[in-house]
Amino acid sequence: MWDEMTTSTGDQDVVDILTTDHHEVMDLIGQIPGADPGQRRDLADTVIAELMRHSVAEEMYVYPAMKDHLPDGESRVQHDVEEHQELVEMMKELEDVDSADPKFLQTLGRLETVLRDHVSDEERDQFPLLRAHLSREQLVEIGGKVEAAKKAAPTRPHPSAPHSELFHKTLGPGVGLVDRLRDKLTGRPNKA
């Protein structure tokens, strides 16, 4: 079942894909407090990587569609970009805290609160609007682009990086490849 959800069948629309991402990340976060420090770090690294991929893909393809097609799209996108920046800063903080330190779970709790708010805004408000204002074909096409972007996106938080479409399309994939190469060589993301 899980494999079917995460493997794109090619006809999932962007709302299905992003909603699945949300639920998988929230599930992972829920497993962290009960895990031992080593597992906590691995789970947190996975959460960070998935959230980074998700956020970059949204900024590249979903936000431009929101700006073009949704009523008040510009201010909706602005709100989301600010939340993404807040999440990136918290992920960086989480990366830098030892997983055995009590501060680790406090930081995770703050991340979860902001993420829960972001997810509920999108699922309650924006996703239904996207479905109302875009055709199924458009939503499936954006879904395909999102899936491709997630494969190339950075897997580690870079809080000082500009959150712009241009950055993600030109430098973003390179940053992601460097991150993943470093992750592979060291067995885990090291502190940059």
**Request:** Tell me the label-point distance for the pair residue 125, residue 69, using the 7 Å Cα-to-Cβ offset, in nm and rounded to one decimal.
**Result:** 1.9
**Prompt:** At what distance in nm do the modelled label points of residue 92 and residue 137 sit from each other, each positioned 7 Å from its Cα along Cα→Cβ?
**Reply:** 4.3
**Prompt:** Residue by residue through region 39-56, which ³J(HN,Hα) values in whole Hz follow from phi under the Karplus form 6.51 cos²θ - 1.76 cosθ + 1.60 (θ = phi - 60°), with glycine and proline marked x?
**Reply:** 5, 4, 4, 4, 5, 5, 4, 5, 4, 4, 4, 5, 5, 4, 4, 4, 5, 4
**Of 92/150; 92/145; 103/150, those spanning more than 24 Å from alpha-carbon to alpha-carbon** = 92/145; 103/150
**Item:** 3J(HN,Hα) from dihedral phi, region 132-145, Karplus parametrisation 6.51/-1.76/1.60, rounded to Hz, x for glycine, proline
**Value:** 6, 9, 10, 6, 4, 4, 4, 5, 5, 4, 5, x, x, 5
**Request:** For a quick protection proxy, order the peptides 129-138, 19-28 by their average other-Cβ count within 10 Å, most packed first.
**Result:** 19-28, 129-138
**Asked** By the gyration tensor of its Cα atoms, with a ≥ b ≥ c the square roots of the eigenvalues, what is the shape of region 48-119: rounded for a/c under 1.5, prolate for a/b over b/c, or oblate?
**Response** prolate
**Request:** Return the distance in nm (one decimal) between the two label points of a simple spin-label model at residue 46 and residue 26, each offset 7 Å from Cα along Cα→Cβ.
**Result:** 1.8
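Kindly identify region 1-115 as rounded, prolate or oblate by the Cα gyration tensor criterion: order the square roots of the eigenvalues as a ≥ b ≥ c, call it rounded if a/c is under 1.5, otherwise compare a/b with b/c, prolate if a/b is larger, else oblate.
Working: a/c = 2.89, a/b = 1.47, b/c = 1.97.
Since a/c reaches 1.5 but b/c is at least a/b, the shape of region 1-115 is classed as oblate.
Just so you know, all these numbers are worked out from the coordinates, no wet-lab data involved. Small disclaimer: the values here were computed from a predicted structure and weren't measured. Here Cβ is always computed from backbone atoms with ideal geometry, including for glycine, and neighbour counts include all displayed protein chains.
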